[in-house]
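Please read the structure below before turning to the comments.
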Amino acid sequence: MSMPPPPPPPPRSPSAGKFLPTTNDFSFKRPASPSTASNLSPSLAPKQPPVVLGVCAMDVKARSKAMREILTRLVDIEKGGVDVKIFGDVVILEEDISHWPPVDVLISFFSTDFPLPKAISYTQLPNRTPPISINSLSMQSLLWDRRLVLAILDHVGVPTPRRAEVSRDGGPHVPRVLRRKVRRDLGLVLPGPKAKDEEEWGSVVVPERWAGKSRKEIVPRDREVILREDGDAIIVAGQVVEKPFVEKPVDGEDHNVYIYYRGGGGRRLFRKVGNKSSEFDPNLYHPRTIGSYIYEEFINVDNAEDIKVYTVGSTFSHAETRKSPVVDGLVRRNADGKETRFITPLTEAETQYARDVVEAFGQRVCGFDLLRCEGKSKSMVIDVNGWSFVKGNQAYYDKAAEILSGVCQLARERKMQGLQSGLPPAVSQSDQGSGSTTSTLRATITVLRHADRTPKMKLKFSFPAHEPWSQPFLRLLRGHREEIILRDTRQLQFILAAAEESAKTPGITQEVLTKLSQIQEALGKKMSMAGTKAQLKPSFAKKKGEKGDKEKKEKKEKKGSDEEDELTETEGRKKVNDWLKRGASVNEVTSDLADGVTPSADAMAVDEVKEPKTPEMNGHALAEHDPDIPEGLEKMQLVVKWGGESTHSSRYQSRDLGDAFKKDIMIMNKDVLNNVKIYTSSERRVINTAQIFAHALLGVEGGGSSQSSASSIANSRNPPEACPQISHLIQRRDLLDDNNAGKEKMTEAKKKLKILLRTGETEKRPDLAWPKSFKKEPVEVVKEVIEQLTELRGIMRSNYENGNVEKIPQQRWCSGDSPWLFRERWEKIFEDWVGVKQEKFDPSRVSELYDSIKYDSLHNRTFLFAVFDPEGKGQKSKAGAEHQDRRLHDLYARAKALFDLVAPQEYGFDAEEKEDIGMLTSLPLLRKVWEDLDEAKTTGKSLACFYFTKESHITTFVHLLLASGLPFTNVRIPELDYCSHCTIELWEKSSGNASTRGQKDFSIRLSISEGAHSPAVLDSNVDARHSLTVQPRKKLSSHIDYELARQCFSKHFDKGLSFSTTPLEGDEVYLKKSIQDESVLPLSSLHRGGEETPRMISSASSDRSHPAGASDGGW
C-alpha cells in the first residue's frame, strides 16, 4: 500500500522570480571576474580579437527559449566581441566534420537524433586547435547508463541511496578510449567488460582531487533477482533489499521507474503526460524479469519534494523544489505550462556535491536530481542529467551569460597568446571564409492564429423564402447572392426595422411574432457591445439531379435534425426564449463593454431605437420578382454574434510571441528583420494581435514583457538593438478572411459529426484522437457530460437564487465580464446539452463548452469553482486542498477528449474532405506563401512574412499542407489554440567542399506550435495577466529539398478552382462603399504609446472597480 505523504510545504517564492546563487564568485578559476569587464561603458570598442562561439546541437535545443535568452545576453555583454554560429541540423547530420565551421568555444550536447560520436571526432580534428568545450562530449555518453553515473558518484564521494544492480546485458559497455580517460582523470575502473589490454595500463592512481572520497560500501551485482517468499523483499547476490524499493532501468533515457510497496501494489512513474507523472498500480508485485535494473532503497523525502539542481560552472548552482511524483502523480503547472517549482538554497554540503558533479563529469552546464531527508540533515544525488537550463528565470539567464562570457574571455586570451607565439589560431579569417559549410536561414513564413479572446456567442434564426412575413428580412440582401455581414449599429437597426415591418404582416401567427420579439430583444441587448455583428446567409434551391437532393429527401423523411435552424418553430422558439429569460439581468452590465456607464432599461428598450426611414426598407409588397430578393432563394439564415473580442491577456501573448521571434531571428540571421511584411485579416481581434506583435518584433520595446523586463544585466549595459521599423500592416481579406467557397462542404462535414458517436467508430479510424485511458465510447462520455452539466446547472442556479454569488470573493472581472454575463454564457451551454435527446445532440456544441471552461478557468477561476460548489465557496477546488473537489476537472477532461475528437472533423470528415475544404479555403494563402519562399530564393534577399488569421484558416492551411505529399516526421497535429502558428523556413546551404564550393542548395523545414496552451488549464498557476505562455514550435518535418517541396506545394496550384468572394460588408451593400480585398493599416494610428485600441479590451469601469494592487500590469 502507498505511504501517506507528509504535510505540504509552506508557500515560497516561485522559480520565475529571484534565484539564490551558492557563491558570489562566477569566474572559471580566473584571477579576475568577468563581471569586471561587464561593467565597462557600452561606448568602448568591441573586445578584440573576436571569439567564435559555436552551438552544435539539434535545432530544437539550439533555438530553445532558454538558449535564445542566454545567447542574446551574451552578445550584449561581449559588445561585438563574440560571433555566435548555430551549426544547424543540415550541417550536423549531412556534412562531413571537416566542413563544420571552426570555432573557439563550443556548446555541444546530446539530444534525440544528435550524432555524438561525430561531434567528438570534430573536436579532435588534426591541424586545428580544439575548441574550449563548455561540456565534455566524450563524458556525455556515460550519462546514458545509470550504473556508470552512480559508480562515478560513489567514487567522488557524492552520497547516493543504497542499491543493488541486476545486469542481464553483461554490464555497461564503455569504449576503450573512454575507460582509459576515466581511469586517468578520476582514478576509477568503470564497471562492465574491460578492454583487451586494460591489464597493461599499469596501476590505478587516484588524483589528489578525489583521493579518500570513494565510498567503501560494496554494491551487490548479479544477473537475476529473487523475490523473497513473503513477497516483501528481493534478494540480489545474497543481499536483501526490503520493500519499499525503487526499480530503475539502467538506460538513462528510460523514465519508466517503478516503486514497489510493502504488502503489494506500487506506483509507475513515467515522463509527464498532460498533468500526470505517475499512477498507482495495485497489481505491481513482482520485479520485471526482462532488462537490466537498479534497485534502490525508497527514501522518505522532506516535504514530499524532489530537488532539481542546475549548475553553470563549478562555482554557481541554482536549486528548485518540485512536488515528488510519488505523492499522487498530479503535476502542478505554471502559466508557461511548465511544472511549478520553488527556489531553495543549497546547504554547504550540497554545494560541494554540485561542484564535484561538474568536475567529475566534465559538464559545466549540468542538471542533477537531489533528495533531502531527515530534516535537511541528509542529502543524496539520484541522477545526473547532463545539459540542463533553468526555465523562465531571468536572473539565471543573466548570470549564465556572464559566466559564458568568462569562458569567451579565456578563449580570447588563448587566441592572443597563440598569435604572440606564432601559432595558427583555432579560427582564422580564411577558415571563416572558405572550407566550411554554412547553413543560413534565408526566409521564414508563418501563419498565425490570433491571441486570446472572449467566448463567442450566437443566435440563429431562419426565414423561409415562401413566407410573406420573411420578405422584409429577405430584402436586406439587396439582390446579392453572397453572405452579408452587418457590423455598424445603424446597419443592425435595419434588422430591427425589418422585424417591426414583418410583425405587421396580415395573418402572422403568434409563434412567428414570438420569434420576431426574440430578435428584437437579443439585438437590443447586444447591439451596443463591441464586436456585435449579424450575418445574412442566403441558401438557394439546388437544381434537379444536383448532388445532395437524395440526402435532403432522406433527411426530411427522418424525424429530428442535425442543424439548429431546422428545428421546428415550437422547439426553436422555446430554446431561444428560455435562454433569453435566463439572461434577463444582462441589461445591468451591457455598458461594461462600452464606457463604464450603466444605461437604464429604458435606454436599452427596443421600441426607442429609431427606425431607419430609407426608401429601400419601406414600401415593398410581396412580389414574385422583387429585385431585392435574389432569384432562386430558398431561405435565409440570420446569425447574430457577439463576443470574440481580445482580452487583456492577448496583449501579453502577442507581445511575448513577437519578442520570441525577434530573439530567434537575431541569432539565426538578423538580416531577415530588414525585410518584414505582416498581413492581417479584417477581424478586430486579429488586427489587434498583429499590431502588438509587430511592435514587439520590430520596435525597441520588443524585449519589454513583464518577464523579460525583470532586471536584465544585458539590457542595463546595452539597450536592445533597434530593428528596422515598418509603417503599416497589410490587410488581405481575400487571403485571411472567411471565404464562402468551402462553407457548403463544411456544413456537410458538420452533419456527419454524429457518426463519431457511433460505437466502435474510434477503433475503425486510427486517425481519430480518442484517449485509450477513457476505456469508454464517445457516446458514453457524452452521456456523462450531460449528467454532469445537469448537476452543475442546478448548483449554479441555486447559488444565484440564494445570494451566494454576491459573496464569492472574485477580485476583479476582466474583459467586461460580470456575474450576469457569466450566467448568460453558461445557460446557453446548458440549453445545448441538458435534456437533449441522444439522437438530436449536436457534436459541434462541444467546442463552446470546452472554450468556456478554458476561458473561465483562466479569467474567472475563483468564481468558476465557487459558483459550481454546492456551498458557493469553492475552497475545496483549490489545488492541494484536502478532499479536493474534482468535479470541474472531470468535466474538463471529458470536454477536452470530445473536442479533440470532433473539432478537426469540422473541417472535413475524412482526408479527402479535409483536402477539398483546405483548397477552397486556404489555397490562395498557400499560393502566396510559396511566392514568398520563391522570392527569397530567387533574389537571395532575406525575408520574413507573418500572416495573422483565425482558427478556421490556420486549420485548413495545415490540412492542405498535410495533403500535399510533403514528407512529414509528425502528422499528429495538436490543438491549435490562441497564438498557434505554423512556420515554413527556407534554408540556404553554402557548401565548403572544394568540388562544389560556391554552390548553394536550398531546403525548407516546417514546424508548428500549439499556441498558448496548457494540458491542465484548471491546475495552471496564472498571475493577474491571466495569460498562458505560447508553447515553442515542434518539428513537423526535417529539411526537405526545395524542388521536392515545389512539387508538393504546387500539387493543387493548377486545379481549375473558382473561388467565391469573401462575405460582403454592410458598407458595400447599404452605403455603396468600395471595400478592397487588399488595404493598408498604418501602425502609427493603431498603436498609441501602449494604449489599447478603442473598445477592444476591458472597460474603464472594470478597471476603476479594482483595488490598486490588483491591476493587470498596465492594462
Would you confirm, using the coordinates I've provided, whether F968 is under 26 Å from the mean Cα position of the chain (by Cα), assigned by the TED database to the domain that holds H1052 and crowded, with 23+ Cβ neighbours inside 10 Å? no
How many residues does segment 455-492 hold that are open to solvent by 10 Å² or more (accessible area, probe 1.4 Å), aliphatic (A, V, I, L, M) and modelled with pLDDT under 90? 1
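Which ones in segment 50-104 are of a type outside the set (G, A, S), part of a strand (DSSP E or B) and open to solvent by less than 10 Å² (accessible area, probe 1.4 Å)?
Correct list: V51, V52, L53, V55, C56.
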Can you confirm whether segment 813-823 contains a residue that is farther than 26 Å from H450 by Cα and without any contact (Cβ under 8 Å) to a residue 40 or more places away in the chain? no
Surrounded by fewer than 20 Cβ atoms within 10 Å (Cβ to Cβ), farther than 25 Å from W987 by Cα, of a type in the set (K, R) and out of contact with any Gly (no Cβ under 9 Å at 6 or more places or on another chain): does that describe K118? no
Testing V189 on (1) within 15 Å of S141 (Cβ to Cβ); (2) open to solvent by less than 60 Å² (accessible area, probe 1.4 Å), one condition comes back false. Which one is that? (1)
Specify the residue that is nearest to A151 (Cα to Cα); the eligible residues are those in segment 349-382 that are small (G, A, S) and open to solvent by less than 40 Å² (accessible area, probe 1.4 Å). A360
For segment 1024-1045, what are the residues that are in a strand (DSSP E or B) and without any contact (Cβ under 8 Å) to a residue 60 or more places away in the chain? D1041
Filter segment 147-180 down to the residues that are buried (at least 18 other Cβ atoms within 10 Å of the Cβ) and of a type in the set (K, R), then identify the one that is farthest from V236 (Cα to Cα). R179
Tally of residues being in a strand (DSSP E or B), open to solvent by 30 Å² or more (accessible area, probe 1.4 Å) and at pLDDT 85 or above across segment 308-348: 4
Across segment 672-700, what is the total count of residues that are more than 18 Å from I984 (Cα to Cα), hydroxyl-bearing (S, T, Y) and open to solvent by less than 10 Å² (accessible area, probe 1.4 Å)? 2
Reported set for segment 260-292 where residues are within 23 Å of R162 (Cβ to Cβ), under 32 Å from the mean Cα position of the chain (by Cα) and hydrophobic (A, V, I, L, M, F, W, C) is L269
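For segment 229-246, enumerate the residues that are more than 19 Å from S167 (Cα to Cα) and in contact (Cβ under 8 Å) with a residue 12 or more places away in the chain.
Of everything in segment 229-246, those that are more than 19 Å from S167 (Cα to Cα) and in contact (Cβ under 8 Å) with a residue 12 or more places away in the chain turn out to be G231, D232, E242, K243, P244.
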Could you tell me which numbered condition Q811 fails, if it satisfies all but one of (1) in a helix (DSSP H, G or I); (2) surrounded by fewer than 19 Cβ atoms within 10 Å (Cβ to Cβ)? (1)
Can you tell me which of (1) within 17 Å of F957 (Cα to Cα); (2) modelled with pLDDT of 90 or more; (3) not in a helix (DSSP H, G or I) is the one L1057 doesn't meet? (2)
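Yes/no matrix, rows are residues, columns are (1) open to solvent by 20 Å² or more (accessible area, probe 1.4 Å); (2) at pLDDT below 60; (3) assigned by the TED database to the domain that holds E839; (4) farther than 21 Å from G1066 by Cβ:
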{"residue": "A498", "(1), (2), (3), (4)": "no, no, no, no"}
{"residue": "L523", "(1), (2), (3), (4)": "no, no, no, no"}
{"residue": "T532", "(1), (2), (3), (4)": "no, no, no, no"}
{"residue": "P538", "(1), (2), (3), (4)": "yes, no, no, no"}
{"residue": "E563", "(1), (2), (3), (4)": "yes, yes, no, yes"}
Let me spell it out: the conditions are (1) farther than 22 Å from L190 by Cβ; (2) in contact (Cβ under 8 Å) with a residue 12 or more places away in the chain, and S377 meets all of them except one. Which number is the exception? (2)
Need at least 2 residues that are touching a residue at least 60 places away in the same chain (Cβ under 8 Å) and of a type in the set (A, V, I, L, M) per element, so show me which strands (runs of 3 or more DSSP E) inside segment 931-1023 make the cut, counting only ones lying wholly within it. 943-949, 981-990
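The values are calculated or read from the model by the stated rules, or taken from the named source; none is laboratory data. Only a predicted model underlies this, so the values are computations on that prediction, with no experimental measurement involved. When we count neighbours, we look across all protein chains shown, and the Cβ atoms used for this are built from the backbone with ideal geometry, even at glycine. Accessible surface areas use protein heavy atoms only, side chains included; no ligands, DNA or RNA. Shrake-Rupley method; radii C 1.70, N 1.55, O 1.52, S 1.80 Å.
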